[in-house]
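Take a look at the structure below.
Taken together, the values in this text are just the output of simple stated rules run on the coordinates, not laboratory data. Just so it is clear, the structure is predicted and the values come from calculations on it, not from any experiment. Cβ: placed from backbone, ideal geometry, glycine included. Neighbour counts: every protein chain shown.
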């Protein structure tokens with residue numbers, strides 16, 4: 001697919017979402033080396049307060065495209081492919097601990113020069129944002145956590161992990177068929193665009209997800225769960241304004257968990273987004289944008 005076809009596919013996704021940015025352009029692909037890891041990120045440009053977007057497990061930085069193109073008139077928008085995902089490197093030693101993700105975020109913030117950023121993270125990216133904020137909230141303007149908390153519904157998380165661990169299939173169309181069944185909320189054209197950025201062809205001519213599925217190894221998952229529970233004890237360190245977003249149709253985060261999580265933060269609140277599941281930014285980006293703008297207007301970025 002050439003650049004003009006890629007742009008037209010983006011325009012289609014924006015029309016489906018009923019989003020109308022002042023101009024439509026694709027981001028710049030950039031690389032940064034943090035420690036020994038080469039990380040890829042999308043630079044949407046813009047000026048003002050920087051926003052660093054962090055995707056969920058098994059996704060890529062492109063999950064935030066519709067959000068970033070609408071926000072870049074007011075904010076400096078950067079979306080990171082986290083280690084083992086998208087076009088960033090895989091860890092050769094299968095190091096996908098939360099602490100390692102946080103080290104990557106620290107390196108990106110410093111190297112790219114993101115002064116007092118807003119972190120916006122969904123699912124795995126939300127947990128990584130929380131962990132970053134326990135260390136650096138005094139140097140953050142705000143944080144938006146999408147459909148995750150330190151407490152989640154384990155059965156729902158297992159269902160998502162099972163989908164993200166799809167083995168090789170014969171074609172992108174086979175992945176699209178499976179994705180439509182997994183997420184019937186989303187328009188197939190939008191899912192197809194997401195898969196375009198998240199699939200790679202194997203040497204045998206089959207197709208698979210780009211992310212490192214070794215992240216799902218038993219030892220790696222045990223370490224991740226241990227880290228997640230430790231974060232609960234550190235939430236009191238987060239001082240920046242924080243918005244927790246729950247997808248109304250999500251079974252990962254319940255109303256009760258979202259409210260409990262917001263109360264555990266010194267400066268937290270929560271909101272429910274209708275017509276959306278776990279991936280709120282893809283299911284209903286318009287409503288998520290409205291919730292974020294309201295949060296910002298209420299003084300989160302003063």
message: Could you sort the peptides 43-54, 27-38, 76-87 by per-residue average Cβ neighbour count (10 Å cutoff), highest mean leading?
response: 76-87, 43-54, 27-38
query: Using alpha carbon centroids, what distance separates the stretch 269-283 and the stretch 1-39, in Å?
result: 22
Cα→Cβ-extended label distance, 7 Å offset, between residue 229 and residue 208, nm: 3.1
task: With the convex hull built on the Cα atoms of the stretch 10-155, state its orientation-averaged projected area in nm².
output: 9.2
- prompt: What is the gain in length, in nm to one decimal, between residue 43 and residue 111 on full extension, counting 0.36 nm per residue of separation less the C-alpha to C-alpha distance?
  reply: 23.1 nm
- prompt: Given the rule -39500 (n - 2.57) for each run of at least 4 DSSP H residues, summed and divided by the residues of the chain, what is its mean residue ellipticity at 222 nm, to the nearest 500 deg cm²/dmol?
  reply: -12500 deg cm²/dmol
- line: Given 37 °C, 0.692 mPa s and a Kirkwood radius over Cα pairs, the Stokes-Einstein diffusion coefficient of the stretch 140-240 in µm²/s is 203
- prompt: Ranked highest first by average number of other Cβ atoms within 10 Å, how do 139-148, 173-182 line up?
  reply: 139-148, 173-182
query: So how many Å³ per residue does the convex hull of the Cα atoms of the stretch 78-202 work out to?
result: 137
- line: Sorted largest first, the C-alpha extents of the stretch 181-302 along its principal axes in whole angstrom are 52, 36, 27
statement: What one gets for the stretch 3-300 as the Kirkwood radius, inverse of mean 1/r over different Cα pairs in Å, is 19.1
query: If you stretched the chain out fully between residue 173 and residue 138, how much longer would it get, using 0.36 nm times the residue separation minus the C-alpha to C-alpha distance?
result: 8.0 nm
field: Whole-number D in µm² s⁻¹ for the stretch 125-180, Kirkwood Cα-pair radius fed into Stokes-Einstein, 25 °C, 0.890 mPa s
entry: 174
task: State the Kirkwood hydrodynamic radius of the stretch 92-147 in Å, one decimal place, computed from all pairs of distinct Cα atoms.
output: 11.5
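Using only the Cα atoms, work out Rg/Rh for the stretch 12-81, with Rh taken as the Kirkwood radius, to two decimals. Don't jump to the answer; show the numbers that get you there.
On the way: Rg = 12.6 Å, Rh = 12.7 Å.
We get a ratio of 0.99 for the stretch 12-81.
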- prompt: residue 9 to residue 165: extension gain in nm, 0.36 nm per residue of separation minus the Cα-Cα distance?
  reply: 53.6 nm
